[in-house]
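The values are calculated or read from the model by the stated rules, or taken from the named source; none is laboratory data. What you are looking at is a predicted structure, and each value in this text was computed from that prediction instead of being measured. All Cβ positions, even for glycine, are placed from backbone atoms using ideal geometry, and neighbour counts span all protein chains on display.
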């Protein structure tokens, strides 16, 4: 299992805000490992928010998107983000 942090809905994000995500891998022997740099970071809409190889997301424009990670064919939990309208 892969868990992406922070684990809460980001609802008051402004355009230009930066959010640092991390990914923790949970294994069958009950061990955990920070795999932030090993996962493929994904955004459901790169026009709204981008996320780089280190899990750093940048809010680009008003709207809603999801951030999640992929590692070894396993997808993480989904982190919802809502970039508020600046008007």
task = Just need a number here: residues in the range 28-87 that are under 14 Å from residue 17 (Cβ atoms) and either without any contact (Cβ under 8 Å) to a residue 12 or more places away in the chain or touching a helix residue (DSSP H, G or I) at 6+ places or on another chain (Cβ under 7 Å) (or both).
result = 1
Top-ranked residue of the range 77-87 - restricted to ones that are touching a strand residue (DSSP E or B) at 6+ places or on another chain (Cβ under 7 Å) and in a loop (DSSP other than H, G, I, E, B), ranked as modelled with the lowest pLDDT = 84
task = Taking the residues in the range 62-76 that are part of a loop (DSSP other than H, G, I, E, B) and surrounded by 14 or more Cβ atoms within 10 Å (Cβ to Cβ) as candidates, determine which candidate is nearest to the chain's Cα centre (by Cα).
result = 76
note = How many residues of the range 12-29 are assigned to a strand (DSSP E or B) and farther than 16 Å from residue 77 by Cα? The answer is 4
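When only residues in the range 10-38 that are within 15 Å of the chain's Cα centre (by Cα) and over 16 Å from residue 51 (Cα atoms) count, which is surrounded by the most Cβ atoms within 10 Å (Cβ to Cβ)?
Of the residues in the range 10-38, the ones within 15 Å of the chain's Cα centre (by Cα) are 10-11, 13, 17-25, 34-38.
Remaining after also requiring over 16 Å from residue 51 (Cα atoms): 11, 24-25, 34.
Values: 11: 11, 24: 16, 25: 20, 34: 11.
Filtering first and then ranking leaves 25.
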